[in-house]
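No value in this document is a laboratory result; all are computed from the given coordinates. None of the values given here were measured: they were computed from a predicted structure. Here Cβ is always computed from backbone atoms with ideal geometry, including for glycine, and neighbour counts include all displayed protein chains.
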Amino acid sequence: MIPPSGLCVGLDLDRDKLPAPYRGQPDDMQRFAVDVIDAVRPYAACFKINVAFYEKYGHVGIDALYAVREHCTTSYVILDAKRGDIGNTSAAYATAGFADLRADAITVAPYMGRDSVEPFLAWEAKMVYILGLTSNPGSQDFQRLDVGGMPLYERVMRTSLTWQRSADVGFVVGATSPKELAHVRGLFPEVPFLIPGIGTQGGDAAQTLEANGNGPAVFNVSRGLLYIDDSAACIDSIAAEARRLSSLLTSR
């Protein structure tokens, strides 16, 4: 199931960066996330939950993960887990993400090959975002290597579209280089993209929207939205910024 295009709100909680009214409070992560979700729900095409930001806090974080997922209720939820392992391990990851946490979509690392991704693709009415061209500096190490006359990331993306599947398939493509984003969108005009990197990572919302053209996409903003205001008015500020971003990113 493909999400509607528009703003993706990343619920990547860092307890050290929570606004002042929430820091040191009982259930600080849940309280902040619940207030954010309620404030931005009218403007968010979907929510993205990066599990690492919850797992780092042990059982406290895991409890928060489930509470946050529950509060998303029927909103579209992407589980940003970047899973990918041998078949039976990936099958376990897929069950955890799709059945237990009831995610609508999950991010997957494809570099162990077809059998490491197949267990995710076997789920009907789900979305699998395969890492395509990421925006981190280390993407230079492998993703852009020439493989038979094309960069490795393109070979990965083209090959993954040939795999048998019941789920829908999309790609993670970073926003920090509009020129590269436009190139990848030209290669795959109809494939849904998950585009992170707007805001704190350096991606510009207007340039990213232009580079993506008319292709289906959700544009993730996490730190650049969650931590823009440390005052008692932080939730109002977050809601106003989400409204602004939503208006911009759904203008096509």
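Taken as Cα centroids, segment 22-59 and segment 194-247 sit 16 Å apart, rounded to the nearest whole angstrom.
Distant-in-sequence amide contacts of Gly84, defined by a placed amide H-H separation under 5 Å and a gap of 5 or more residues or a different chain, comprise Ala109.
As a calculated quantity, the FRET efficiency between Asp146 and Ala125 at R0 = 35 Å, using C-beta atoms, amounts to about 0.40.
Axis angle, to the nearest 10 degrees, between helix 28-40 and the longest C-alpha principal axis of the chain: 80 degrees. Simple spin-label estimate for Lys17 and Glu70 gives 2.7 nm between the two label positions (7 Å along the Cα-to-Cβ direction from each Cα).
For segment 6-249, the percent of C-alpha pairs falling in each 5 Å distance bin, counted from 0 to the bin holding the largest distance, reads 1, 6, 14, 18, 19, 17, 13, 8, 3, 1, 0, 0. What the Cα convex hull of segment 13-57 gives, in volume per residue, is 75 Å³. With helices as the sole contributors, the chain gives -11000 deg cm²/dmol at 222 nm; each DSSP H run of n ≥ 4 counts as -39500 (n - 2.57), and the sum is divided by every residue. Within segment 147-193, the ratio Rg/Rh, alpha carbon atoms throughout and Rh by Kirkwood, equals 0.97.
Size estimate for segment 81-206 follows the Kirkwood approach: the inverse of mean 1/r over distinct Cα pairs works out to 15.0 Å. Seen against the Cα atoms of the chain and their longest principal axis, helix 178-187 is set at about 50 degrees. Pairs from the list Lys17/Lys82; Lys48/Lys82; Lys82/Lys179 with a Cα-Cα gap above 18 Å: Lys17/Lys82; Lys82/Lys179.
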